[in-house]
Amino acid sequence: MDTTQSLDITRTTYRVADFLSWQRGRNLNLRPPFQRGSVWSAKAKSFFIDTVVKGFPVPLLFIQDKTDPETYEPKRLVVDGQQRIRTVLAFVDVNCLSDRQDSDAFTVLRMHNADLAGKRFERLPADLRERILNFQFSVQVLPSTTPNAALLEIFARMTAT
């Protein structure tokens, strides 16, 4: 990427429910070619869900907004944050993941939250389900014009630290 050029990044928030809707509508690309597969352990996933439930801050997500030239539908490509998004989507609705694996089905461990231990999302009280669905991720949205080389550089920089 030309170092004299600046990206026009939009800073915003999106709820878990937004990501779920995009995933169900096939408008979210969790795994562009440069992304690795699902690598978080059940323990890491459990800890992350407990973080969401408690409303603690989580690192920024980076996505690129694009428009599908054939369907004219908005598409969102995950540049950084796939593990976090995938974890919360799998917890809420594992079936929304088209490439789901056995490891995507998990529950919160007792060591992280005794009240939630072993419970699936649908078995949680309605107010807690709503709190999880309304959890807001801070997101930096890269424009559709962002070159692939810049996306790769951003990904490399985010995963190097």
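Just give me the residues in the range 29-48 being buried (at least 19 other Cβ atoms within 10 Å of the Cβ) and modelled with pLDDT of 95 or more, in sequence order. Passing the criteria: Lys45, Ser46, Phe48. Taking Asp8, is it among the acidic types (Asp, Glu), open to solvent by 80 Å² or more (accessible area, probe 1.4 Å) and in contact (Cβ under 8 Å) with a residue 12 or more places away in the chain? Judged against the criteria, Asp8 is a match.
The residues of the range 89-141 that are open to solvent by less than 80 Å² (accessible area, probe 1.4 Å) and touching a Gly at 6+ places or on another chain (Cβ under 9 Å), listed by number, are Asp99, Thr107, Val108, Leu109, Phe135, Phe137, Val139. Among residues of the range 1-28 being in a loop (DSSP other than H, G, I, E, B) and touching a strand residue (DSSP E or B) at 6+ places or on another chain (Cβ under 7 Å), the one that is modelled with the lowest pLDDT is Leu7. Residue count for the range 49-74 satisfying the condition of being touching a strand residue (DSSP E or B) at 6+ places or on another chain (Cβ under 8 Å) and crowded, with 19+ Cβ neighbours inside 10 Å: 4.
The values are calculated or read from the model by the stated rules, or taken from the named source; none is laboratory data. All values derive from a computational prediction rather than experimental measurement. Cβ sites come from the backbone with ideal geometry, for glycine too, and all protein chains shown count toward neighbours. Side chains included, ligands, DNA and RNA excluded: accessible areas come from the protein's heavy atoms. Shrake-Rupley method; radii C 1.70, N 1.55, O 1.52, S 1.80 Å.
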